[in-house]
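Below: one structure, written as structure tokens.
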């Protein structure tokens, strides 16, 4: 049985990225589309592992950054009024 070979085209990368984002949003599992894309590239094992680890590292950093920003923005919106605001309202 032959190995899976996928052409290295931007369209496939975009499709894998789209489904990776969709799966990450719905199930928190963004790996399968990227794994399939990388498996079809015929990369050496070390490069395959480095690329996959890099993908998960960067996507984890982006997720943490987005979460921190959302918590910060939400925290600003829900912050209790300051004493200055209460004094000016009276």
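Throughout, read-outs are computed from the coordinates displayed, never taken from laboratory work. If you're wondering where the values come from, they're calculated on a predicted model, not measured in any experiment. Counting neighbours? That spans all protein chains shown, and the Cβs are built from the backbone with ideal geometry, glycine included.
Ranking of 15, 34 by neighbouring Cβ atoms within 10 Å, starting from the fewest: 15, 34. In terms of its C-alpha gyration tensor, the range 10-89 comes out prolate, because a/c is 1.5 or above and the ratio a/b outweighs b/c.
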